[in-house]
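To start, the structure itself, in structure tokens.
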Amino acid sequence: MSRKDKLLARLRRRPRDFTWDELTVLLKSLGYKQATSGKTGGSRRRFVHPTAVTITLHKPHPQNILKMYIIDDILGVLKQEGML
């Protein structure tokens with residue numbers, strides 16, 4: 001089982017300790033690239049895919065743990081795009 005498969009399986013279980021770093025690795029493995037937003041981007045991050053919907057999120061701070069609603073949103077987008 002690849003790291004991508006392990007992260008997808010973990011995300012599907014909706015863990016309360018899924019980190020921002022795990023999400024960025026997963027999205028990168030699915031073909032997303034994090035777009036640079038310049039100096040005024042703040043904590044807002046965009047993940048762009050050549051054929052799928054752009055994902056826009058707030059990077060969690062000060063902790064690195066994602067909120068449950070973000071996990072649900074990511075799962076919804078990945079299901080909608082046929083990546084799950």
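The values are calculated or read from the model by the stated rules, or taken from the named source; none is laboratory data. Keep in mind that this is a model prediction, so the values were computed, not measured. Quick reminder, even Gly has a Cβ in these numbers, built from the backbone with ideal geometry, and neighbours come from all protein chains shown. We work out accessible area using only protein heavy atoms, side chains counted, and drop any ligands, DNA or RNA first. Shrake-Rupley method; radii C 1.70, N 1.55, O 1.52, S 1.80 Å.
Determine the share of the chain's accessible area contributed by carbon and sulfur atoms, expressed in whole percent, with a 1.4 angstrom probe. Walk me through the intermediate numbers first.
Values: 2750 of 5480 Å².
Whole-percent figure for carbon plus sulfur exposure: 50.
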How much accessible area per residue does the chain have, counting only protein heavy atoms and a probe of 1.4 Å, in square angstrom?
65
Taking the Cβ of Tyr32 as the centre, find all other residues whose Cβ is under 11 Å away and add up their charges (Lys, Arg: +1; Asp, Glu: -1).
+3
Dipole magnitude of region 13-84 about its Cα centre, charges +1 at Lys/Arg Cβ and -1 at Asp/Glu Cβ only, in debye to the nearest 20?
180
Taking Cα pairs under 8 Å and at least six residues apart, what relative contact order does the chain come out at, in percent?
30
Quick check on the chain: helices-only [θ] at 222 nm, where DSSP H runs of length 4 and up contribute -39,500 (n - 2.57) each and the sum goes over total residues. Nearest 500, please.
-12000 deg cm²/dmol
(i) 25.4, 84; (ii) 12.4, 39; (iii) 12.1, 34, with the label sought being that of the calculated Rg and Dmax of the Cα atoms in Å
(ii)
As I understand it, the dipole of region 38-84 uses +1 on the Cβ of Lys and Arg and -1 on the Cβ of Asp and Glu, about the Cα centre. Which of Thr54, Leu75, Gly42 lies farthest toward its positive end?
Gly42
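Tell me the net charge near Ile71. Cut-off is 12 Å between Cβ atoms, Ile71 excluded, with +1 for each Lys or Arg and -1 for each Asp or Glu. Don't skip to the answer; put the middle values down first.
Values: positive: Arg10, Arg12, Arg13, Arg14, Arg16, Lys67; negative: Asp17, Glu22, Asp72, Asp73.
So the environment of Ile71 carries a net charge of +2.
What number comes out for the charge environment of His61, summing +1 per Lys or Arg and -1 per Asp or Glu over other residues with Cβ under 14 Å away?
Values: positive: Arg44, Arg45, Lys59, Lys67; negative: Asp21.
Counting the neighbours of His61, the net charge comes to +3.
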